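Some notes on the structure that comes next.
The values are calculated or read from the model by the stated rules, or taken from the named source; none is laboratory data. None of these values were measured; they are calculated from a predicted model. Note that each Cβ is placed from the backbone with ideal geometry, even for glycine, and that neighbours are counted across all protein chains shown. We work out accessible area using only protein heavy atoms, side chains counted, and drop any ligands, DNA or RNA first. Shrake-Rupley method; radii C 1.70, N 1.55, O 1.52, S 1.80 Å.
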Amino acid sequence: MLKGKHIIVGVTGGIAAYKTATLVRLLVKAGAEVQVIMTPSAKEFVCPLTFSTLSGKPVISEFFTANTGQWNSHVDLGLWADVMVIAPATASTIAKMANGVADNMLVTTYLSAKAPVFIAPAMDLDMMRHPSTTRNLELLRSYGNMIIEPAEGELASHLIGKGRMEEPENIARVISDFFAPKDLAGQRIMITAGPTYERIDPVRFIGNYSSGKMGYAIAEEAARRGAEVTLISGPVSLSVTNRSINLIKVESASEMYRQCVDLWPSTDCAVMCAAVADYAPETVATSKIKRERDEVPVIHLRKNRDIAAALGQTKREGQILVGFALETDDEQINAIGKMERKNFDIIVLNSLRDKGAGFGTDTNKVTIFCADGQTRPLPLMSKSDVAKEIIDSITAFEHEA
């Protein structure tokens, strides 16, 4: 999304300036043309040579170049940029931007910029929560600027609190997401991900190897493209990076069933990516089953309710239901049969026979089948790229329906 984009990166005088070097590298690697503007105090933290080497452009800091007298036009820079990001943004620079104090090249360029502006604050927790800082940030928001909220953690003062500049990878993602097509704007999408755990006793469960990576990637892609996303997740070690995603954590199949059935009537599309346990113990022991017992315990199982089938039975006109099939034998026949039985509009097939696909991997190899007869076999690719293809198939199906 950033290929060919003109990006101004403003660097101010905070300890987090060292992290901005990584941000510049990421933006350049994504194909953007980056111009770094540093405040005079920022040069006390990171040498301008670092940024000029990473960006491939001389760093701008003053209104004119001292040895040549060349004027650096803030107006031209403001017109050149497709987007501007200030990272880190100190309390001082935030105050100047909010109140139009144009006493350095960075703030002057900001006041001239026609492009969207992202601001990534970084400061100590007491400065962050001071009324003047909160007021200035609200002013900047009211002007149309986008604030990339700082994270909580250990600060330069060794205090713990909110004020750490967001990580460069997340800032780069926010900027990239800004340029992504918003073809899902206004759509409400529900996605399930991960395994379910069916308790045997307080320490044991029936589960599977699902990592949740595929479902989380689909949720991130849908949110990036403007959808209102609810992600219903079983127990996984993942977290969402897009803060607009509504994450609902569940453990068992019955908990996931209740959430899905409740949300389905107000949902435009559901992507059933979770590996839901088919069976659960009829009874759950209230205390740990001890190995020292002479007899081997017998666990009687009951069938869990079929979440996807329940949604398929109540699907109204205009709703899209997407399912997944992980098969080991007769893959295509079983996947198409599952699509028909459960009233799916789309089913995504992946096989444990394919190396690099299935549980726990960062890659996947799938075939997408649509109820209208279209089939899209895809090569092995990252799960984030597979997610893009799945969302593309959903939007194409929606337009044809």
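Points to keep in mind about this one:
- The range 279-305, subset within 27 Å of Leu352 (Cα to Cα) and out of contact with any helix residue (DSSP H, G or I) (no Cβ under 8 Å at 6 or more places or on another chain), residue surrounded by the most Cβ atoms within 10 Å (Cβ to Cβ): Pro281
- Out of Phe359, Phe344, one residue alone is open to solvent by 50 Å² or more (accessible area, probe 1.4 Å), of a type in the set (Phe, Trp, Tyr) and at negative phi. It is Phe359.
- Of the residues making up the range 1-22, those that are closer than 17 Å to Ala115 by Cβ and either surrounded by 17 or more Cβ atoms within 10 Å (Cβ to Cβ) or at pLDDT 95 or above (or both) number 7.
- Among the strands (runs of 3 or more DSSP E) confined to the range 212-287, the ones with at least 1 residues that are within 14 Å of Arg188 (Cα to Cα) and in contact (Cβ under 8 Å) with a residue 24 or more places away in the chain are located at 228-233, 269-272.
- In the range 360-376, of all residues being out of contact with any Leu (no Cβ under 8 Å at 6 or more places or on another chain) and hydrophobic (A, V, I, L, M, F, W, C), the one that is farthest from Lys388 (Cα to Cα) corresponds to Ala371.
- Members of the range 365-381 found to be within 26 Å of the chain's Cα centre (by Cα), over 20 Å from Asp330 (Cβ atoms) and touching a residue at least 24 places away in the same chain (Cβ under 8 Å), listed by number: Leu380
- Scanning the range 346-386 for residues that are assigned to a helix (DSSP H, G or I) and more than 20 Å from Tyr209 (Cα to Cα) gives a single hit, Asp385.
Quick grid of which residues meet (1) out of contact with any strand residue (DSSP E or B) (no Cβ under 6 Å at 6 or more places or on another chain); (2) modelled with pLDDT under 95; (3) open to solvent by 10 Å² or more (accessible area, probe 1.4 Å); (4) among the charged types (D, E, K, R):
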site: Asp76; (1), (2), (3), (4): yes, yes, yes, yes
site: Leu79; (1), (2), (3), (4): yes, yes, yes, no
site: Ile86; (1), (2), (3), (4): no, no, no, no
site: Ala95; (1), (2), (3), (4): yes, no, yes, no
site: Ala98; (1), (2), (3), (4): yes, no, no, no
site: Ala113; (1), (2), (3), (4): no, yes, yes, no
site: Asp124; (1), (2), (3), (4): no, yes, yes, yes
site: Leu139; (1), (2), (3), (4): yes, no, yes, no
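- Filter result for Gly323 (crowded, with 22+ Cβ neighbours inside 10 Å, under 21 Å from Glu400 (Cβ atoms) and not hydrophobic (A, V, I, L, M, F, W, C)): yes
- For the range 140-187, filtered to residues that are touching a helix residue (DSSP H, G or I) at 6+ places or on another chain (Cβ under 9 Å) and among the β-branched types (Val, Ile, Thr), the residue that is nearest to Arg225 (Cα to Cα) is Ile175.
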